Every structure is written in C-alpha cells, then in structure tokens.
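Only one structure is covered here, and it is reproduced in the block below.
The values are calculated or read from the model by the stated rules, or taken from the named source; none is laboratory data. Here the structure is a predicted model, which means the values were calculated and not measured. As a convention, Cβ positions derive from the backbone with ideal geometry for all residues, glycine included, and neighbour counts pool all protein chains shown.
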Amino acid sequence: MESIVKNQTVPLTQKKRFSNKRKLKANLVGWLMASPWIIGFLVFTLGPTLGSLEISFTDWNLLSAPNYVGMSNYIKMANDPLIKHSVWVTTYYSVVTVPLHLIIGFLLALFLNRQIKGMTLWRTIYYLPTIISGVAVSLLWKWLFNPDFGVLNDLTGLVFHIGKFDWLGNETLVIPSLILMSLWSVGGSMLIYLAGLQNIPTELYESAQLDGAGGFKQLLYITLPMMTPVLFLNLIMGIISSFQTFTSAFVMTGGGPNHASLFYMLELYFNAFQDFHMGYASAMAWVLFVYILILTLLVFVSGKYWVYYEGGERPA
C-alpha cells in the first residue's frame, strides 16, 4: 500500500515542479522584455528626481561643489516676491484655461460626433494643431498678436472698429492673450471626448427617445453622466499641463512685460540656467510637484461625488 502512495506522489511532485519552472520562465521573459523601460525609468527619471531632491538642500552653481544649506532654499522661497507672483500668474492662467479647454473641447466633440459627409476632415483639422511644435506655434501666435501688422488687430478693427492693441506688451492683456492662444491645442482633449462619446451605448438614447426625452434632456441625463470619467481624465491632465506652462511665455514674452507673464516654470528656468542657482531651482521644482499633487488629490476626492462609472466604481 505504501509503495502505491509513493508511486503516485512522485509524478504529482514532478508536475508541480514543472509548473513552477514554467511560471518562473514566463516571469523572467516578462521582466526581460520590460527591462529596457525599467532601466530607462530608473536612470533617466527616478534617479534624477531623487537627485534633485538632494540638490534642493544645497547651494550649487554647477561649477563648484554643492554646499549643504538645509532648508534655506525653501525658506527663501517663502519670502521671495517673484516666486509668489509667479504662483499667482500660473494659478490665474490655470483657473481660466482648464475650464475653457474642458467646455470647448466637449462642445467640439459633440459637434464632431455626427455621421455626416466630410466629418473626418473636420476632425483632422481640429486635431492637427496639437501635433505642431510648441515653439512653432508660439512664433505663429507672436506674429498674430503683433501690434503693428498682426492679423488679430486687423480682425478686431474690421469687426469691432476699435484701435490696435499691444496684446503681448500690455500687462493686463498678456495673460488673456496666452489663454486665447492655448485654445489652439483644444483638439487633444476633443479627441478624448470624441472617443468617450462613441463609447456610450446607443440603446440609452433609443430608450430615452421612446420615453419622449428631447435632445437637451438626453445630453443632461445620459451624455454628461456617462462622460464624467472622460471629464475627470481631462481635468487631471489639464491641471498638470497648465501648471507646467513654459514654452509660450518663454518664446513670446520672456516673462514680461514687468513680470506680468512670469509663469512659475519660467522663473524656475531663469534660476536654474540663467542665474545658475540649481539648488534653489530644484527646491522650486519640488514645491511645484507638491502643489500639483495636492490639487490632483483634491480632484480625486471630489470625483467620488460626481464621477459615474457603469460598474459603480469610483476613483480611488
């Protein structure tokens, strides 16, 4: 009887070992395939990120050895009027830009979510600006805003019969001008909205029509609730992107006039690569990281109350 049990136990043990070897081999192959990205992330992202945290506690000009100064850079930031002003400029820009992108992108997606002739061309036209280089777009809009021969002044004069404006040279108009320019890239969020709209089951609209619901009620009670996950995604991406605005201000205004367009990232760049205060710039980068993180977490918390998922799940 014992010999029979032993003869049955051996094959089962061998099968288990063979299964474990197969799993180990599959895991090794998976890690091997992912290793280029993992190595790149560790060397080019995580490593420099942790390095910048260490540098933020030093006074370093790139030429001499870093000098440890503790929390001095962070204390200095709290009393730096230019930092406070750049935070205000960036926040003002973001508070206006993000909702505009959400609303206009959604309305464009509603318009382009139609089965009519030539709609593919219109979708391409609206999306095309998002793939053009930021520097090229900034130079184009700088020409449009030119106070002497800019097209925008010609249009306002023709339509509203008013004088010419120095859009980028006026402290009051420079941020609204950059906000107007940012709408050039609304096609990116529009495309995400369009994908979300096409994922809404048509049966919901058919049932609503049978119940006598018109277009506005369908939009209010079907489209908007079903699109809240996409709105949530675009909101998060919009906040992160707007607080990192740099190229347009750097190319078009350089932070002027009189620091009126001094975005936070622009001030960070000046400290790092113009004044060579790398420790101070690293501290600025970490403060921005924490600021964006807090805003993102607040959006995630608020998402529990307004984001609808078909499976009943909410953002973690």
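Exactly one residue out of Leu50, Leu62 is under 30 Å from Ile75 (Cα atoms) and assigned to a loop (DSSP other than H, G, I, E, B), and it is Leu62. Taken over segment 86-133, the residue count meeting the criterion of being part of a helix (DSSP H, G or I), among the basic types (Lys, Arg) and without any contact (Cβ under 8 Å) to a residue 40 or more places away in the chain is 0. Is it the case that Tyr93 is more than 30 Å from Ile200 (Cβ to Cβ) and either surrounded by 16 or more Cβ atoms within 10 Å (Cβ to Cβ) or not aromatic (Phe, Trp, Tyr) (or both)? Answer is yes for this residue. Screening segment 160-228 for helices (runs of 4 or more DSSP H) wholly inside it with 1 or more residues that are at pLDDT 90 or above and farther than 30 Å from Val87 by Cβ returns the ranges 187-197, 202-210, 215-218.
On the basis of being of a type in the set (Ser, Thr, Tyr), in contact with a strand residue (DSSP E or B) (Cβ under 6 Å, 6 or more places away or on another chain) and under 30 Å from Gly256 (Cα atoms), does Thr58 make the cut? It would help to see each step written out before you state the result.
Values: of a type in the set (Ser, Thr, Tyr): yes; in contact with a strand residue (DSSP E or B) (Cβ under 6 Å, 6 or more places away or on another chain): yes; under 30 Å from Gly256 (Cα atoms): yes.
Yes, satisfied.
Those residues that are charged (D, E, K, R) and either over 19 Å from Val251 (Cα atoms) or surrounded by 12 or more Cβ atoms within 10 Å (Cβ to Cβ) (or both), I need them from segment 131-158; list them, please. The answer is Lys142, Asp154.
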